[in-house]
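Okay, structure first, notes after.
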Amino acid sequence: MVFPQVKALVRWPSPKPSSSKEMGDSAEDMAMAYLQKAGLRLVVRNYRTPGRGGGEIDLIMATGDGTCVFVEVRQRKTASHGGAAASVSVTKQRRIVFAARHYLMCLKREPACRFDVVTVESGVITWLQAAFDAQG
């Protein structure tokens, strides 16, 4: 996976959630707060396509110019085993793209779009803009 631009690297205080669901929610909370502070606006959180085998998008955000940003949030305690960014596999990317297309079909007009990844590792947030594209 090629990451064309690393927007930011920041250390964020991390609470101690107990379950993996709570850990994921906590990472999404941190990512959302970070992106909002950077000027993005939350449109939808945890968008899911109907039925089995569909996709999910952690955060759908909008930039000031109206670009729709589909954000995958990944958290890892350490960077071992390739780290959080490496865990966004081609299969995961395809599911996100599938969900994004489903979301866009509901809009009257399709905006400019991009797919970002926000990683949270050991309390450090990294925002990877345009981390992958719809071609997979």
Does LYS92 meet the test of being over 17 Å from ALA31 (Cβ atoms), at pLDDT 90 or above and charged (D, E, K, R)? no
One residue is enough: does segment 96-106 have a residue meeting the conditions more than 18 Å from TYR47 (Cα to Cα) and either over 15 Å from the mean Cα position of the chain (by Cα) or modelled with pLDDT of 95 or more (or both)? no
What pairs come up if the first residue lies in segment 84-101 and is under 14 Å from ILE60 (Cβ atoms), the second is crowded, with 16+ Cβ neighbours inside 10 Å and among the charged types (D, E, K, R), and their beta carbons are under 9 Å apart, counting only those six or more places apart or on different chains? ILE96/ASP58; ILE96/GLU72
Within segment 30-52, how many residues are among the basic types (Lys, Arg), modelled with pLDDT of 95 or more and more than 13 Å from VAL73 (Cα to Cα)? 2
Give the residue, chosen from LEU40, LEU59, that is within 20 Å of GLY24 (Cα to Cα) and not acidic (Asp, Glu). LEU59
Kindly list, by first and then second residue, each pair from a residue in segment 61-72 that is polar (S, T, N, Q) to a residue that is at pLDDT 95 or above, limited to pairs with Cβ atoms under 7 Å and residues at least 6 apart or on different chains. THR63/LEU40; THR63/VAL69; THR67/PRO111; THR67/ALA112; THR67/CYS113; THR67/ARG114
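Matching residues to (1) of a type outside the set (D, E, K, R); (2) in contact with a Phe, Trp or Tyr (Cβ under 7 Å, 6 or more places away or on another chain):
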position: GLU28; (1), (2): no, no
position: ILE57; (1), (2): yes, yes
position: VAL90; (1), (2): yes, no
position: HIS102; (1), (2): yes, no
position: ALA112; (1), (2): yes, no
position: GLU121; (1), (2): no, no
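The values are calculated or read from the model by the stated rules, or taken from the named source; none is laboratory data. Model, not experiment: these values are computed from the prediction. Because the Cβ atoms are built from the backbone with ideal geometry, glycine has one as well, and the counts that use them run over all protein chains shown.
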